[in-house]
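The values are calculated or read from the model by the stated rules, or taken from the named source; none is laboratory data. Quantities reported herein were computed from a predicted structural model and do not represent experimental measurements. Don't worry about glycine lacking a Cβ; one is built from the backbone with ideal geometry, like all the others, and counts go over all protein chains shown. All accessible areas refer to the heavy atoms of the entire protein, side chains included, with ligands and DNA or RNA removed. Shrake-Rupley method; radii C 1.70, N 1.55, O 1.52, S 1.80 Å.
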Amino acid sequence: MLRIPCPWCGERDVGEFHCGGEAHIARPSGADTIDDDAWAEYLFMRQNPKGSHHERWSHAHGCRRWFHVVRDTDSDQVLAVYLMNEAPPDLPGRSS
Amino acid sequence: MKRQRFRLPSGGRIDRGDARAFSFNGRRYYGFSGDTLASALLANGVHFVGRSFKYHRPRGVLGSGAEEPNALVQLGAGARTDPNMRATTTELFDGLRAASQNCWPTLRFDIGGINDRLSGLLPAGFYYKTFMQPARLWKLYEKFIRRAAGLGRAPTERDPDRYDQQYAHCDVLVVGAGPAGLAAALAAGRTGARVFVVDEQAEFGGTMLAESGRHIRIRDTSPDAWREDTIAALEDMSDVTVLPRTTAFGYYTHNFIGMLERLTDHLPRAEAGNQARQRLWKLRAKEVVLATGSIERPLVFAENDRPGILLAGAAREFVNRYAVAPGTRAVVFTNNDSAYAAALDMAAAGVAVEAVIDLRTEVEGDLPRLAREAGIPVLQGYAVVATSGRHRVTGVTVMRLNDAGDGVSGTARKLRCDCVAVSGGWNPAVHLFSQSRGKLNFQSEMNIFVPGESVQAARSAGACNGSFSLAECLKEGADAGLAAARVAGFEGADAATLAAIEPADGPQRSLWRVPSERKDARMFVDFQNDVTTKDLDLAVREGYRSIEHVKRYTTTGMGTDQGKTGNVNALAIVAGSLGAEIPAVGVTTFRAPYTPVTFGAIAGRHVGGLFDPVRGTPMHEWHVQCGAKFEDVGQWKRAWYYPREGETMRQAVDREVRAARESVGILDYSTLGKIDIRGPDAAAFLNRVYTNAWTKLGVGRCRYGLMLRDDGMVMDDGVTLRLGENHFLMTTTTGNAASVLSWLEEWLQTEWPELQVYCTSVTEQYATISICGPNARALLGAVAPEMRLGGDVFPHMSMQEGMVAGVAARVLRVSFTGEIGFEINVPARHGRAVWDALIEAGAPHGITSYGTEAMHVLRAEKGFVIAGQESDGTVTPIDLGMDWIVNWTKGDFIGRRSLNRSDTAREDRKQLVGLFTADPQTVLDEGSQIVERVSEAPPMDMIGHVTSSYYSPNLGRSIALAMIRSGRGRLGETLYAPMPDGPIEVTVTSPVFFDPEGTRLNG
Ligand SMILES: [Zn+2]
């Protein structure tokens, strides 16, 4: 039962949120020209790390806004929260 | 009133003026207010209370609290019966009814006891070895094994009780109200922090409640005086919440704690009244202080499971707290000093203590000295090597231990006794700490696991931290409470250390299995699941190395007690067999809940009609009045069909389907998802989310659209209407309304933030009434005289606004049945009035309301798919034969690239076809598998499955839609649906069964 800090509403129970999986996966443009492998990489391949993980979350039962969360998948600690149009923050001592 | 033979004449925390009658196995007994069921049974001399799980051996009360593995009883009767209740934590009330479990026909004469004689045939893993081959017979065995093994009976009636749930936040949660917890709560409370202090017992005090008070003092006064002062101080603090009878059972992420408060379980039915029975607390604490105490571990010795053999700390608690003598002649068997307190307290209560058998050769603590001074014989360097007695222990045999502790020698001495108090040391109760994901450290001096570094905002204090003396408990508790409050943002001064006077303990001697000269004697490690040292040895011999595997193979620690008394002994024994150090073997994972939690508390008020919200349309009451049967679609109640008197479902649906084709049918379509989409980029956005093109759609026109996920699989479909240059109204399937809105928002916010588009759910703002059939136009004309309905001015797939039955309406000419159809949208509050007007105006046409079943038949006759029925997340539009809706020239859209992936472009994918059964009256089961060739028995090569299947009254035969491998190339082929009663022959057809030219749509 995590607490997720929504950038607009503040810290709320995880039950109000929806996790949208790994963040910063660029959707290839000019889709016709890219090969099956590169498309499959975008569609299916995810890092699933133990430790620091950049994720997309939406405050589904709140403001319905999407934002980014850096979460430690092992300890469930929320390491950073930033907006959709922001670059990931530097987290000292952690690989991203 | 009957005499309680083992009740001490004075003392204890019971109210002798408040006698309570109860029954056990049908016999009537008396106890007192303040008793537990266990103490009351012992007061009446009842030690033999149950039989063990596997061997059905007679078992007695072992402990005095949550750790109890033996004294599990069935409480109450009927709808209010509870299995597996620990007699040691069940407060006695007047009229309590309890019965033993695991025995039949009676406790004393139990047929399952034959398992004990056959124990050689029931070693560890016997399920796996004996019953798995041949696999076919497992079904037969399983029934008998389950019946023979069951731990108590679950109630079969609906639970009549109510359960509450409550969310709460606090600065400091203190779990446990023994000396450490009370000190912590007091220190935290004095800072002004919001404090919760919870304890599973009715009374706060923890182990202090079991003290005689003779040997210890706190600040020049009795420990009980300090306890009472502290509780009074806590109750006076307005920001401190004091919760007795509350078990913190689960420690979850981000300091979220699950707690079960028992509100009425200790009351007779009449007094419980209408109160909620239990309350589940969902508490979020800034800081947690764990003061959960310790659990005594038994010694593992030969025949250590007879009734009358109990933990020394429990013996002491029965004497001091409940004024019950655990026997008349006691033997104490120990490896540490703490059991001497039990010997002293029993002796002081008049129990003849035959001897203290101590594994240690040197015994020098304060308590042993006091015991010697009291004249209690102490046998140092001795071990109990055997016990006797069937339904109660009658004596023990002791012999001298060798120096290594792995053998015994000399003459065997027999001591007569009816009670053996055993102590193998104390395990810190690290359950919650471990659940919080904190790692445990092994402390080899006392052979215990203690909390290491905390992962969450928690700290441990007192015995659960491996600090057993009263002085340490008080100091660590006060320090932890103050530190927690300070971290939570409060200020407080350091308090003076409380002086405590108590006996000093000497070192203990850990012998994980006490040797016996009898090699065949059984030594029980896990009492509840009947796991012996031999079972553990067998598991190691058979190659199990991981303690987690040994646990599952032998079932050690897998009972309802989760091995609170047995686990550390078990892993130490396994470590010994493996020749490994205990920390190298590790501990099994501690899992929530600490003690069992009722399903009722977990469900709370979310039962019956409150289980899930129920959504009804504005016309819902009309359907109810007309006798509709309803089906659940998500949270919606949708009219399924409207049976008339004497009609079967099939007859009703046939009638409704025919009416829609022959005259006019009316359907409540209000549940359709409706999303208002606006903005300068709305059309461009729809171009990207649908497979077809939208920019050129005229205002006032509508179009069918298909939505894919980016992997190319069909997600949803529906008709979208253009209301203005930058304004659309999208419809979705009933079940996907919320997920499609989320889908649109996700793409707008995460992938295409440059698009200026706004989405609003308007599903509940409109009532939608669908009418269809040859007389639909005439009917609409009757209630909307001002609208022009001719095909030339109001063609298929267009919209008009106008007055319908006096209400401003938006009317779409669309069809999901193949007939001329109109979808009338009005503000939800006018839905019923317009519906009534249509029903009235339709009377001359014999207007017939139809439900979702008839709707499904009508659309299946036309081969129209339903997203989620024909498609299942693995189906592309091409698989559905809907290539016509994929626009390859308009640019990118969601799923486009995936349609060219090698797998999605395969020729032999499952494709949508129709099926005709050889016998036109046979209706296939939806979900039936389809094969080319039928074999005697499975496996057969399954080439597809039936997705929709109905009887079509318009065709006078059954029809089915199916997804079949390379289906479109199989038209005319004969295939089979293998069923238990034999295969059903089918012929592959086109999926459009009725009016393939679509002439009726414009008729
Ligand atoms: Zn929010």
Selection within segment B:264-276 - in contact with a strand residue (DSSP E or B) (Cβ under 6 Å, 6 or more places away or on another chain) and open to solvent by 20 Å² or more (accessible area, probe 1.4 Å): B:His266
Only one of B:Ala342, B:Ala315, B:Ala348 that is under 36 Å from the mean Cα position of the chain (by Cα) and either closer than 27 Å to B:Asp366 by Cα or among the basic types (Lys, Arg) (or both): B:Ala315
Any pair with Cβ under 7 angstrom, 6 or more apart, that starts in segment A:1-19 at a residue that is more than 9 Å from chain B (Cβ to nearest Cβ) and ends at one that is near the ligand (Cβ under 10 Å from one of its atoms) and small (Gly, Ala, Ser): A:Cys6/A:Gly62; A:Cys9/A:Gly62; A:Arg12/A:Gly62; A:Glu16/A:Ala60; A:Glu16/A:Gly62; A:Phe17/A:Ser58; A:Phe17/A:Ala60
Return yes when B:Val811 is outside the structural domain of B:Arg968 (by TED's automatic domain parsing), part of a helix (DSSP H, G or I) and crowded, with 22+ Cβ neighbours inside 10 Å and no when it is not. no
Give the number of residues within segment B:19-57 that are under 30 Å from B:Val525 (Cα atoms) and in contact (Cβ under 8 Å) with a residue 40 or more places away in the chain. 24
Does any residue of segment A:19-30 turn out to be under 20 Å from B:Gln749 (Cα atoms) and within 16 Å of the ligand (Cβ to nearest atom)? yes
When the residues of segment B:30-56 are narrowed to those that are assigned to a loop (DSSP other than H, G, I, E, B) and polar (S, T, N, Q), which ends up least open to solvent (accessible area, probe 1.4 Å)? B:Ser52
Of all residues in segment B:696-715 being in contact (Cβ under 8 Å) with a residue 60 or more places away in the chain and assigned to a loop (DSSP other than H, G, I, E, B), the one that is farthest from the other protein chains (Cβ to nearest Cβ): B:Gly700
On the basis of being within 12 Å of chain A (Cβ to nearest Cβ) and surrounded by 15 or more Cβ atoms within 10 Å (Cβ to Cβ), does B:Cys772 make the cut? no
Which number in (1) under 38 Å from the mean Cα position of the chain (by Cα); (2) more than 15 Å from B:Cys170 (Cα to Cα); (3) more than 14 Å from every other protein chain (Cβ to nearest Cβ) marks the one condition that B:Met237 misses? (2)
I'd like the full set of residues that are within 22 Å of the chain's Cα centre (by Cα) and buried (at least 24 other Cβ atoms within 10 Å of the Cβ), limited to segment B:70-111. B:Leu72, B:Arg86
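Yes/no matrix, rows are residues, columns are (1) buried (at least 19 other Cβ atoms within 10 Å of the Cβ); (2) at pLDDT 95 or above:
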{"position": "B:Gly150", "(1), (2)": "no, no"}
{"position": "B:Asp164", "(1), (2)": "no, yes"}
{"position": "B:Tyr167", "(1), (2)": "no, yes"}
{"position": "B:Pro179", "(1), (2)": "yes, yes"}
Flag for B:Thr987 being open to solvent by less than 80 Å² (accessible area, probe 1.4 Å), within 20 Å of B:Arg859 (Cα to Cα) and among the hydroxyl-bearing types (Ser, Thr, Tyr): no
Residue list for segment B:748-758, restricted to those being open to solvent by less than 60 Å² (accessible area, probe 1.4 Å) and more than 10 Å from chain A (Cβ to nearest Cβ): B:Leu755, B:Val757
Looking at (1) surrounded by fewer than 22 Cβ atoms within 10 Å (Cβ to Cβ); (2) within 14 Å of another protein chain (Cβ to nearest Cβ), which is the one condition that is false for B:Ile257? (1)
Output the residue which, of all residues in segment A:34-75 that are at positive phi and open to solvent by 30 Å² or more (accessible area, probe 1.4 Å), is farthest from the other protein chains (Cβ to nearest Cβ). A:Asn48
Scanning segment B:716-726 for residues that are out of contact with any helix residue (DSSP H, G or I) (no Cβ under 7 Å at 6 or more places or on another chain) and part of a strand (DSSP E or B), which turns out nearest to A:Asp36 (Cα to Cα)? B:Asp717
Residue check: is B:Ser948 open to solvent by 10 Å² or more (accessible area, probe 1.4 Å), among the hydroxyl-bearing types (Ser, Thr, Tyr) and closer than 17 Å to B:Asp879 by Cα? no
Please go through segment A:5-33 and give me each residue that is open to solvent by 50 Å² or more (accessible area, probe 1.4 Å), closer than 14 Å to A:Arg64 by Cα and more than 14 Å from the chain's Cα centre (by Cα), ordered by number. A:Trp8, A:Arg12, A:Gly15, A:Glu16
